[in-house]
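Read through the structure below, which is laid out as structure tokens, and then see the notes.
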Amino acid sequence: MRYNATYHRQADKIAIEHGFEFAVYMGHYRTRKHNCLAFIPHYNTNRNVQTSGFHYILLTEKGGHFYTHSEPPKDFPDYDYLKKGRAILDEIKRKFFAYEFANEEERLYCRDIFQAVNKYSYDVPIPEEDMCLFLQEGKRLGRAIEFVGDEINEHIIDSWINYLKLKE
């Protein structure tokens with residue numbers, strides 16, 4: 001069984017059925033009987049959402065199943081699932097420093113992303129890991145990132161604490 005977009009859409013559908021927004025591919029997983037593709041469901045936010053247990057989706061050629069356990073299985077895939085997202089963020093940083101944009105809209109979008117992860121700005125930075133995840137899944141789903149102001153940072157004047165969301 002090989003990963004492809006059809007399996008990923010199937011995992012997304014299962015994630016949505018269980019109250020999540022999308023599924024993140026984690027790699028291959030072998031059970032005693034099956035060779036599976038493993039996915040982790042994710043909400044449409046990078047804010048901490050309290051959930052009970054560790055949620056994951058396993059797909060076989062016959063279908064998929066949603067699981068919840070108190071902790072990840074011992075042999076759950078340790079896959080570099082943010083590789084594509086890091087490449088997208090690196091390209092955005094390169095464009096930002098080289099000032100190479102196709103149009104004004106792209107420039108503003110890249111500026112906002114760059115400033116969101118910049119630890120030297122007034123706003124509380126968004127962790128790069130979160131940004132990479134949302135860039136990667138946003139590209140896969142054809143959706144842009146939206147920055148939502150959550151609250152004002154009381155320690156710095158005019159500083160916001162933002163969180164990420166994928167636009168509808």
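The values are calculated or read from the model by the stated rules, or taken from the named source; none is laboratory data. Remember, it's a predicted structure, so these values are computed and weren't measured experimentally. Glycine gets a Cβ as well: all are built from the backbone with ideal geometry, and neighbour counts include every protein chain shown. Each accessible area value is taken on the protein alone, full model and side chains, heavy atoms only, with ligands, DNA and RNA left out. Shrake-Rupley method; radii C 1.70, N 1.55, O 1.52, S 1.80 Å.
Annotations
- In the chain, a dipole from Cβ-located charges (positive for Lys and Arg, negative for Asp and Glu) runs towards its positive end, and of 127, 52, 70 it is 70 whose Cα lies farthest in that direction.
- Two-decimal Rg to Rh for region 59-109 - Kirkwood Rh, Cα set: 1.27
- Restricting region 12-72 to GluC sites (Glu not before Pro) in coil, as DSSP defines it, with at most 11 other Cβ within 10 Å: 61
- Taking the longest Cα principal axis of the chain as reference, the axis of helix 83-98 is set at about 10 degrees.
- In region 35-92, the alpha-carbon atoms span a convex hull of 127 Å³ per residue.
- Secondary-structure-derived ellipticity at 222 nm for the chain, considering helices only, amounts to -11000 deg cm²/dmol, per-run term -39500 (n - 2.57) for DSSP H runs with n ≥ 4.
- Close amide H pairs (under 5 Å, H built 1.01 Å from N) link residue 54 with 69, 70, 71, residues at least 5 positions away or on another chain.
- Percent accessible area from carbon and sulfur atoms, the chain, protein chains only, probe 1.4 Å: 49 percent
- Taking only the C-alpha atoms of the chain, Rg followed by Dmax gives 17.8, 58 Å.
- Couplings 3J(HN,Hα) for region 11-24, derived from phi with the Karplus relation 6.51 cos²θ - 1.76 cosθ + 1.60 (θ = phi - 60°), are 5, 4, 4, 5, 4, 5, 4, 9, x, 9, 9, 7, 10, 9 Hz, where x marks Gly and Pro.
- Distant-in-sequence amide contacts of residue 146, defined by a placed amide H-H separation under 5 Å and a gap of 5 or more residues or a different chain, comprise 165, 166, 167.
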